[in-house]
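Colleague: If you scroll down you'll find the structure; I have some questions about it.
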Amino acid sequence: MSRATWYQYARLLGLSKKRKTYKAKRKKVSLRVHRPNHTWHMDVSYFKTLDNVQYYVYTVIDNFSRKILAYDVTRELSGLVRVGSLRRAILSEFGVHLSSKPTLDLIVDGGSENNNQTIESFIRDSHVSIDKKVALKDVTFSNSVVEGNFRIMKQSYFRKRSILSSTIEKEMEFFVRDYNTMRPHYEHKIYTPCEIHDNPKLKDVRPTIASARKDRIASNKKRSCIKKC
């Protein structure tokens with residue numbers, strides 16, 4: 001029999017199964033919060049300068065605004081340095097004299113620099129109630145918020161500039177300032193992390209974009225082209 005006949009009888013006799021439709025797996029969305037200083041992300045990455053000196057970059061990032069709250073650049077991987085950046089972030093955002101004890105979720109990776117006795121002692125004695133959680137262990141989501149920041153730092157800044165061990169601190173300072181205050185974040189469309197952190201109402205950017213589009217169309221309709229078409 002011909003191939004077409006064989007497929008016809010196979011279908012009638014139920015010898016072939018219906019092909020399953022392929023559905024791409026939806027990308028899991030990381031944690032989303034509704035206000036600044038609700039959840040922070042903390043991690044360490046490393047970078048080698050052109051003169052082959054390795055540095056460790058410590059950052060603390062706010063989940064809501066994506067703002068870098070504190071950072072350190074050192075040649076050592078240390079829990080003391082890690083505590084230092086966390087302490088400065090808490091002092092800058094919460095201050096010292098508080099009428100009540102605020103709560104804070106802290107997401108970290110499983111590395112020893114984030115999970116040690118120095119960190120635990122600081123959290124226990126802190127004037128802020130900190131709930132530290134290890135990504136993909138205590139929670140189902142990853143620490144992608146801070147990992148994405150490191151990716152931007154390396155690919156969009158460090159790899160495009162000639163960075164030496166003598167200039168790494170200045171380059172890091174430039175990156176943090178540019179990232180926080182100058183460069184619009186992809187999560188916020190047209191706003192920077194600092195703008196969202198200082199004014200959380202800007203988070204819903206859709207009305208602003210819709211209004212700008214309406215104004216642009218109205219402005220274009222008032223003008224006629226040179227050829228008067």
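Colleague: Scan the range 111-138 residue by residue and report those that are part of a strand (DSSP E or B), farther than 18 Å from Tyr58 by Cβ and open to solvent by less than 30 Å² (accessible area, probe 1.4 Å). It would help to see each step written out before you state the result.
Modeller: Initial filter on the range 111-138 (part of a strand (DSSP E or B)): 129-135.
Narrowing further to those that are farther than 18 Å from Tyr58 by Cβ: 129, 131, 133.
Answer for the range 111-138, where residues must be part of a strand (DSSP E or B), farther than 18 Å from Tyr58 by Cβ and open to solvent by less than 30 Å² (accessible area, probe 1.4 Å): there is none.
Colleague: Being out of contact with any Leu (no Cβ under 8 Å at 6 or more places or on another chain) and closer than 29 Å to Thr181 by Cβ is true for just one of Ala89, Ala135, Ala70. Which residue is that?
Modeller: None of the others qualify; the one that does is Ala135.
Colleague: Of the residues in the range 79-91, how many are open to solvent by 20 Å² or more (accessible area, probe 1.4 Å) and either of a type in the set (A, V, I, L, M, F, W, C) or modelled with pLDDT under 95 (or both)? Steps first, answer last, please.
Modeller: First pass over the range 79-91, keeping only residues open to solvent by 20 Å² or more (accessible area, probe 1.4 Å): 80-81, 87-88, 91.
Add one more test, that the residue is either of a type in the set (A, V, I, L, M, F, W, C) or modelled with pLDDT under 95 (or both), and what stays is 80-81, 91.
So the answer is 3.
Colleague: Also, quick follow-up: Looking at Ser144, Ser224, Ser162, Ser219 in this structure, which one is exposed (fewer than 12 other Cβ atoms within 10 Å of the Cβ), among the hydroxyl-bearing types (Ser, Thr, Tyr) and either within 14 Å of the chain's Cα centre (by Cα) or under 30 Å from Asn52 (Cβ atoms) (or both)?
Modeller: Ser162
Colleague: Then there's this: Among the residues of the range 184-216, write down those that are loosely packed, with under 10 Cβ neighbours inside 10 Å, more than 16 Å from Arg32 (Cβ to Cβ) and at pLDDT 85 or above.
Modeller: Lys201, the sole residue that qualifies.
Colleague: Looking at (1) under 17 Å from Val33 (Cβ atoms); (2) modelled with pLDDT under 95; (3) of a type outside the set (Gly, Ala, Ser); (4) not in a loop (DSSP other than H, G, I, E, B), which one does Phe141 not meet, given that it meets all the others?
Modeller: Result: Phe141 fails condition (4) only.
Colleague: Yes or no: the range 11-20 includes at least one residue that is open to solvent by 20 Å² or more (accessible area, probe 1.4 Å), outside any helix (DSSP H, G or I), of a type in the set (A, V, I, L, M, F, W, C) and without any contact (Cβ under 8 Å) to a residue 12 or more places away in the chain. Outline the logic, then answer.
Modeller: Going residue by residue through the range 11-20, those that are open to solvent by 20 Å² or more (accessible area, probe 1.4 Å) are 11-20.
Add one more test, that the residue is outside any helix (DSSP H, G or I), and what stays is 13-20.
Subset that is of a type in the set (A, V, I, L, M, F, W, C): 13, 15.
Still in the running and without any contact (Cβ under 8 Å) to a residue 12 or more places away in the chain: 13, 15.
Yes, there is a match, as at least one residue in the range 11-20 is open to solvent by 20 Å² or more (accessible area, probe 1.4 Å), outside any helix (DSSP H, G or I), of a type in the set (A, V, I, L, M, F, W, C) and without any contact (Cβ under 8 Å) to a residue 12 or more places away in the chain.
Colleague: Follow-up. Cβ-Cβ distance below 6 Å, separation of 6 or more or different chains: which pairs start in the range 30-44 with a residue that is within 13 Å of Val145 (Cβ to Cβ) and modelled with pLDDT under 95 and end on one that is open to solvent by 20 Å² or more (accessible area, probe 1.4 Å) and assigned to a loop (DSSP other than H, G, I, E, B)?
Modeller: As it stands, the answer is Ser30/Phe141; Leu31/Phe141, since those pairs meet every condition given.
The values are calculated or read from the model by the stated rules, or taken from the named source; none is laboratory data. Predicted model, so just to flag it, every value in this text is computed and none were measured. Using ideal geometry, Cβ is built from the backbone for each residue, glycine included, and neighbour counts are taken over all protein chains shown. Just so you know, the surface numbers come from the protein's heavy atoms only, side chains and all, with ligands and any DNA or RNA stripped out. Shrake-Rupley method; radii C 1.70, N 1.55, O 1.52, S 1.80 Å.
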